[in-house]
Amino acid sequence: MAVDKSLKAKEKSVQPNLKEALREYFGFDSFKGEQEEIIHNLLSGNDTFVIMPTGGGKSVCYQLPALIMPGTAIIISPLIALMKNQVDAIRSLSHESVAHFLNSSLNKGEITTVKKDINAGNTKMLYIAPETLKKDETIEFLKTIDISFVAVDEAHCISEWGHDFRPEYRRIKQMVKEIKDVPMIALTATATPKVQSDIIKNLQMNDAVVYKSSFNRSNLYYEVRSKGKKGEAIKEIVSYIKTKPNKTGIIYCLSRKRVDEIAGILQANGIKALPYHAGLDAKVRGDHQDKFLMEEADVIVATIAFGMGIDKPDVRFVIHYDIPKSIEGYYQETGRGGRDGLEGECLLFYNPADIEKLEKFLKDKPVAEREIGELLIFETEAFAESSACRRKFLLHYFGEEFDDKGCNKMCDNCRHPKEKIDGQAAAVTALKLIKEIKGKYNLKHCVDILIGNKTHEVTLSKHQDLALFGVGKDQEDNYWKSVIRQLLLRAMVTKNIENYGLLSINEEGEKFLKKPTKFEMSVDRKFEKFTDTDEDDGQVEMVYDEELFAILKDLCKKVAKAKNLPPYIVFQEPSLQEMAFKYPITMDELSKIVGVSSGKAIKFGKEFLDVIKKYVEENNIERTEDVTIKSVVNKSARKIAIITNIDKRVSLDDIARGQGIKRDELLQEIENIVNSGTKLNLSRYVSELTDEEILDEVMDFFRKTNDNVIESAMKEYGEEFSKDELHLMHIHFISEMAN
Ligand SMILES: [Zn+2]
């Protein structure tokens, strides 16, 4: 696939003085890594593929040529927020019209300005989202202009084996071809060998020169700790941060709920921490991000949504409170630490039960996505449990050979090595088995055979009859898992990623079988499993169609205005996000969206369905039928008890007593029930508080108030009603209007 670099370099034509241009446009005196070669290659009209870890200076590789070459470069980028940051950064180096973006956030007037600037030859870079690129009007316009080249940023989005798969990315080549045949440069900061070949295949870049930088971040220290019982990891995190006063860090969690919880605990412990997740209002999110960049906050607690396009050089620690969903994601997130080349500590808290939680979340996904997801999770599990050098493991994952002597004790396993044992005989046994069953089985199956575990799969394939069945029963499954993981890491066994992770012996393995050499290894760490019964744990951050979400949000405001209601009464943000993820087009599908009852769907749904249907048609979106399952069907016993008691008109005090909770906690529970789309008849309770006329007045007040409703109501009616009473009236209002 790769063309010999030296050959290509010789072909290069007379080119402008790049160093001078770099100084002029960016103020740098010298290029980083292979930047200069990459730029030369692109300027020579060749396709180029750049794999460079975050912080390596990827963007200069296309920005500088864009500034030098005649015409406008088209830069395809997945996220609107990311685009805006990039465009702002370039404008600050040059002039306002040098870079523009084209996406759904622009109005007609703004689009006209963009086109005028391009036609006048003022614009060197046009950032564009794939969703916008595929529109006919965009393609027609781009056909009329002079394009220097096309850059595909975050190219791993092409592959479903990457950590950020975007189906629209797969159509880029097709659309570009329709416009003009120009050189292409694809860039990514994370790519396994499998993802790399997907990118090359999909973008039809077989002749591209590939530039791959090392993924080793030698200044980062990697450590995995046991998560312990609920609350223990948080305690550890608090004391860890206390030893690093005024230092900046990021804590990643998988659910919004956990983000809020941990940020709250850190704040209560005097740490300047702020939450960041997609459930927060965009303004709040932007504000928290700014505070982090401006060092008004030391720690950001975030879901995966945080960090794309953020370049803060002095992040000193990155903590994973939950196990990441893939090694690529983990590498990307830890990569935000120590960008300045100084200290950066990466701490992962691991609990084997988290793996099961992630798998459970995959259950609702289409089969193909589920299988890929499971394989990716098994890799993170192997990483967490590994007793080998973490750095070696990470680099091996990205197809890079690394001698662990080079780690310099910058990982927990190198710093505190586990006792080494002689694994030669075991390695031979495992290799013999893998050879015998001919690359048709995965790691778990092999371990089951070795320890003599008659699972359903083992009996189905009659593997209990193998001579090797049960030969390793003196050892635990963890021992054999470690042996096979070592064989993988030493590249004697190959895992077929495309094919369910099936193991097969390779040439190195055959060599070892013929003449076994020294095989020192240590057994992987066995982490204690802690299960907690947290009911909201299934809610993992979802990636949704931001363009559609913006459209639906606008529609929501419009509908609300016409009905003289605040927008959250029509649909709340989590519901809109899920719509922008599942694309419901029938009433039935709509009523399966979180927070939408069938009554609510009928009441407000029609216009939304029309818009989604049109959007799906216009953008050729392939809807997956089997994802339309309600993601959180979460009616705990308590919720059911509350609903029945309210139906029976039991007094609120009695319900609270019966559930053993305080009155305000009960109100919160009732509000959650109502917000999830269930209509409750609360008239009886509110009519006890006041007469109809005043109630109407309060209801009217709620109609006009969108933010901090209860606080505002307290200002207005605080003398007549208590906070709990106003809260109850507000819940009544939501239940009546929204459901
Ligand atoms: Zn190491």
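Observations on the model:
- Output for region 211-220, where each listed residue is polar (S, T, N, Q), in contact with a strand residue (DSSP E or B) (Cβ under 8 Å, 6 or more places away or on another chain) and within 16 Å of the ligand (Cβ to nearest atom): Asn219
- A residue that is among the small types (Gly, Ala, Ser), out of contact with any helix residue (DSSP H, G or I) (no Cβ under 6 Å at 6 or more places or on another chain), assigned to a loop (DSSP other than H, G, I, E, B) and at pLDDT below 90 can be found somewhere in region 274-290.
- Test: residue in region 140-152 that is among the small types (Gly, Ala, Ser) and either surrounded by fewer than 19 Cβ atoms within 10 Å (Cβ to Cβ) or within 30 Å of Thr192 (Cβ to Cβ) (or both): yes
- Within region 1-56, helices (runs of 4 or more DSSP H) holding 2 or more residues that are modelled with pLDDT under 70: 5-10
Table: residues versus (1) within 16 Å of the ligand (Cβ to nearest atom); (2) charged (D, E, K, R).
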residue	(1), (2)
Lys420	yes, yes
Ala427	no, no
Lys432	no, yes
Asn442	no, no
Gly452	no, no
His456	no, no
Gln475	no, no
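- Ala353 meets the conditions (1) surrounded by fewer than 24 Cβ atoms within 10 Å (Cβ to Cβ); (2) modelled with pLDDT of 95 or more; (3) over 16 Å from Asn246 (Cα atoms) in every case but one. The failed one is (2).
- When region 694-739 is filtered for residues that are part of a loop (DSSP other than H, G, I, E, B) and in contact (Cβ under 8 Å) with a residue 12 or more places away in the chain, the ones remaining, listed by number, are Thr705, Asn706, Glu720, Phe721, Asn739.
- From the options Asp724, Asp691, residue that is touching a Lys or Arg at 6+ places or on another chain (Cβ under 7 Å) and either over 24 Å from Gly595 (Cβ atoms) or among the charged types (D, E, K, R) (or both): Asp724
- Taken over region 659-693, the criterion of being part of a helix (DSSP H, G or I), more than 41 Å from the chain's Cα centre (by Cα) and in contact (Cβ under 8 Å) with a residue 12 or more places away in the chain is satisfied by Ser683, Arg684, Tyr685, Val686.
- Complete set of residues in region 117-155 that are β-branched (Val, Ile, Thr) and not in a helix (DSSP H, G or I): Thr123, Ile128, Thr144, Ile145, Ile147, Val150, Val152
- Verdict on Leu487 being modelled with pLDDT of 90 or more and in contact with a strand residue (DSSP E or B) (Cβ under 6 Å, 6 or more places away or on another chain): yes
- Among (1) surrounded by fewer than 19 Cβ atoms within 10 Å (Cβ to Cβ); (2) at pLDDT below 90, the one test that Ala305 misses: (1)
- Verdict on Pro584 being in contact (Cβ under 8 Å) with a residue 40 or more places away in the chain and assigned to a helix (DSSP H, G or I): no
- For region 389-418, taking the residues that are over 20 Å from Ser214 (Cα atoms) and assigned to a loop (DSSP other than H, G, I, E, B), the one that is farthest from the ligand (Cβ to nearest atom) is identified as Lys418.
- Residue check for Lys244: touching a residue at least 24 places away in the same chain (Cβ under 8 Å) and touching a Lys or Arg at 6+ places or on another chain (Cβ under 7 Å): yes
- Only one of the numbered conditions (1) at pLDDT below 90; (2) aliphatic (A, V, I, L, M); (3) within 16 Å of the ligand (Cβ to nearest atom) is violated by Ile327, and that is (1).
- Options Val238, Val259; residue that is in contact with a Leu (Cβ under 7 Å, 6 or more places away or on another chain), outside the structural domain of Pro78 (by TED's automatic domain parsing) and in a helix (DSSP H, G or I): Val238
- Residue match in region 170-185 (condition: buried (at least 23 other Cβ atoms within 10 Å of the Cβ) and assigned to a strand (DSSP E or B)): yes
- Taken over region 221-261, the criterion of being more than 16 Å from the ligand (Cβ to nearest atom), hydrophobic (A, V, I, L, M, F, W, C) and modelled with pLDDT of 90 or more is satisfied by Ile237, Ile241, Ile250, Ile251, Cys253, Val259.
- Residues of region 326-366 that turn out to be in contact (Cβ under 8 Å) with a residue 40 or more places away in the chain and assigned to a helix (DSSP H, G or I), as a count: 15
- Residue check for Thr72: touching a Phe, Trp or Tyr at 6+ places or on another chain (Cβ under 9 Å), of a type in the set (Val, Ile, Thr) and more than 29 Å from Gly344 (Cα to Cα): no
- Filter result (crowded, with 21+ Cβ neighbours inside 10 Å and either among the basic types (Lys, Arg) or within 13 Å of Lys495 (Cα to Cα) (or both)) within region 432-442: Ile434, Tyr441
The values are calculated or read from the model by the stated rules, or taken from the named source; none is laboratory data. Given the structure is predicted, the values throughout are model-derived calculations rather than measurements. All Cβ positions, glycine included, derive from the backbone under ideal geometry; neighbour counts span all protein chains shown.
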